Each structure stands twice: as C-alpha cells, then as structure tokens.
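Let me begin by presenting the structure, written as structure tokens, before commenting on it.
Throughout, read-outs are computed from the coordinates displayed, never taken from laboratory work. Being a predicted model, the structure only gives us computed values, none of them experimental. Reconstructed Cβ throughout: ideal geometry from the backbone, glycine too, with neighbour counts over all protein chains shown.
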Ligand code: NAD
C-alpha cells in the first residue's frame, strides 16, 4: 500500500478477538502532531470495559498456556513476517500519530521486529533445569505463565514500547491486555489485526484504550496478576504503588534526565554528531535522549561543532514534531526560564514553523550553554530537542553533577581515554551506560531498564530479565524407583 494513500485505522478496543465500536464511550480526539489534523477518536474505557477484556483473557488462558512455547512462537514467527512485509505502512502510521520522521518511525518498527525475534527465541532460553538431588530423586524447574497480565505504554514509541513486553509475555504463555497511550492509540490497532492474522487465538491479546481511569482499573482488577508500565516518573510511582498494594507484580519505568560527560580529548566529529543526534532524535522525546552535556575543562571546540551540527537539524525535514501544543509550550518555557536565569542560548529552536504545517507542533534543536546545576532545566525532564551544557572543572565534579540527578536511565562518556571512560562508567548512577555512544540502548538479548527514579521494581523490562517477570518457577521433585533410599530430605 502506498504510504500517501494509506487508510488510517480508527482507534477501537479489541476484546476477545473483536473490535468494538465506540458507541456509548466517552472519547478523546487523536491529533496528528505533524499538522494538527484529527485522525480518530479514542475511547476512554471504564472498569466495565476492562473487566470484559479480563474475562476474555481469562477464558483464553487455559488453552494458550497449555501449548508448548515452541508452538506458541510459531504465531510470533508469522507475526514478525507480517510486520516486516508491512514495514512502510506501520512506519507511516507511527509518523502520523506520533510526529517523528519517517526514518525514525522505520527504525522504531525495525526495533519491534528485533524484539519479536527475541520472543521467538524464548523456547531456547526457558528449557528449565533438572538435577538428581538424591540418588534416584530428581528436582526440575519449569517456568510457568502467570495468567492475565497488563502492559501500559507511553506516547513516544507507539509501536516499539508495546513490543518490549507483549511478544515476550505471549511467548511465555500469558494472556495480555495492552493499554496504549490515549495520545497514540493507532499502532496498537494494527498490532491486534496482525496478531489475529498470524493466528493468535481470540482473547489471548486484547487492547483496552483509555487514560487514568483505565489504568486505575488495571491496577485494581483482582484477576490481573502483573502490570508493566512505561511512562513518566510521576505516573510510574502511582502505578507501582497501586498495583503492588493490590499484590500484583509490577515493573514501572519512569522518566529520565540523561547526562553525557564530554572530555576535551573526545573525538570531535563523532562526539558532536552523537550528542546532536541523541538530543534531537525523535524530537528529544526519548527516555534515552541526551538532556545534559557535562563538559569537563575546555570543550569549546566540541560545543562550537555541536552548534554547527544542530543548525543543520531542520523541523519538518530531519526533525519531527513534538507531541502536542502543550509539550511545545512546556519545552519553550524551559528554554526561556534558563535564559532568564543566566544561561546562554547558542542555538534557539523556539518559535519554529514549518511551511504548510502551521497547525503542527514543532520545536527546533536548541543548544544552551552555561547552565548551572541548580537551574530547573538542569534538574527536570524537558523531553524536547534541547541540550543543556553544564561546565565542570574536572571529572569528579562532572560525576557529582550526574550523580545528583534523581533519575538514572542512561549516562554516557565521550573520550579517547579508556582509563577515564572506565572511571566514569563505574561511578555514573544510571542503569544504561554509553562509551562514545549517545543513546546506549542495550540490544537484545540484553535487558532495558534504568536506576533510581527511572525504574521501580526488580529486573529489566526486556531481554532475559523479562522472562523472570512474566513467569513463575514450578519446582517438582520426583522419585520413581521404590527401592531408592528414603531420608528426611527426599
Ligand atoms: P505518562 O506518564 O503521561 O503516560 C504513560 C501512561 O500512563 C499512558 O498510558 C497514560 O494513559 C497513563 N497515565 C497518564 N496519567 C495517569 C495517571 N494520573 N494515572 C494513571 N495512568 C496515567 O507518559 P507519556 O507522556 O505518555 O510518556 C512520556 C514519559 O515516558 C517521559 O517521562 C519519558 O521519559 C517516559 N518514558 C520512559 C521510558 C523508559 O524506558 N524509562 C520509555 C519511554 C518513555
């Protein structure tokens, strides 16, 4: 299908294998941040809607969980092929609903494919364990699914973040309810359609749209055993507390404020382009984006080159939109406030306009120098294409600035000195560290997850760690030879 003539799916709940009309629901408009056009209406589901999805998932669970994981992943292999065959269409949908560029949206869907491939490999990773613990007595461990689980996702990766959790949870035998961000609910519709086309039985995967009320109903529902959440720290804390107080297991990923520590010996071109790409990619709306560059000593040559690169980043061309007018205003207010507090705006992305897309929400790449650690822009998550440069006298001062952040998703160091890189990577207080890499996302099979206020709960959300989250170990002790010696242990 040509991406220009492509039909935009309408946001609907998907429960028990059926798409439900919006009738009777409160709805919200889904707006394309590219130009402000209305794309769809999204239902704001109630606890009753959620309950219908939980009932459908519960009904599907016995048959789904009894399949072998090798059988279950056959459907995910087919699903992966469908995603690949429809890559351009899916990328266009992400572009339209989220506002990122087509290139970024394509990379997002390719990452969903990689995540699905990991899920397809799960049968090779969960073969369990067996050991002869006494003569003739064996203990075995099987990793069993935990039942009906829920995944709650944010606006910034409408396709990829649901793929952090859904394919793994399904491969491991769980039935899933996805609650996409109400701002970007359309990719989830295509996900449901493609999983159905791949042969997933009805009820195994469900989509329940909505906002706060729907999330609260998820946290409270007695038949949901586990909740994964990705979003802001404020909501991650609410969800983690509410889900765990209702005795569910929960992993809740929150916001970020990622520091890149740049030393004077860093490779000029690689560093400038990496910092620029990290702070402006996906319009800075990545939890792995560079938010602060801590320059150690004289890094003026790198700052100058960074500014030159930032000026080549053009809204509406190689820079997408931010998600909403409110986001644009929030980001610009951070810049204005920093300037008023004494910081120097070297490249100014405020008041960006894209010809022909005047209704869109654009902020240009922005470089602000001489930010001090006490400024609001140095402490809070801006979530826009903005880099705050903080100057440090030495490496220990730079580390102290990074360590003072409440967040701890990612941190990176740029240097050609292995000794300095190692010193910093050991001391940075973050779950994901980059050395000469601006967006240090661990690729599969390594897990994704931050520290501090960037993640609540045990383990990472993807990779091998997620296998523990989506399963419970069943330990069986067996003896078949009646002549075996019996002692108090077995
Ligand atoms: P958000 O917290 O506003 O929303 C996330 C989800 O929570 C949505 O599904 C939303 O419907 C729901 N929600 C919103 N308010 C709620 C409330 N009061 N009670 C219950 N549920 C509520 O986040 P967002 O704006 O969609 O996404 C951006 C944020 O997500 C940023 O802070 C970003 O850093 C973070 N993020 C983190 C990671 C990570 O891996 N740590 C990844 C992506 C995004």
query: In whole Å and largest first, what semi-axes does the C-alpha gyration tensor of segment 258-435 yield when each eigenvalue is scaled by 5 and square-rooted?
result: 26, 16, 15
Relative contact order of segment 258-435, defined on C-alpha pairs under 8 angstrom at six or more residues apart (%): 29
Burial ordering of 79, 423, 334, fewest other beta-carbon atoms within 10 Å first: 423, 334, 79
task: Report the far tail of the P(r) of the chain, meaning the percent of Cα-Cα pairs longer than 34 Å.
output: 38
- prompt: Antiparallel DSSP bridges in segment 258-435: what percent, to the nearest 5?
  reply: 10
message: For a distance above 25 Å, tell me the whole-number percent of Cα pairs in segment 39-147 that qualify.
response: 51
statement: Of all DSSP beta bridges with both partners in the chain, the antiparallel percent, nearest 5, is 40
field: CD proxy at 222 nm, helix term only [per DSSP H run n ≥ 4: -39500 (n - 2.57); per residue of the chain; nearest 500]
entry: -12000 deg cm²/dmol
field: Average Cα contact separation per residue, segment 260-315, under 8 Å, 6 or more apart, as relative contact order %
entry: 49
- prompt: Please state the relative contact order of segment 125-259 as a whole percent: Cα pairs under 8 Å, 6+ residues apart?
  reply: 22
Quotient of C-alpha Rg and 2.2 N^0.38 Å, computed over segment 189-274: 1.65
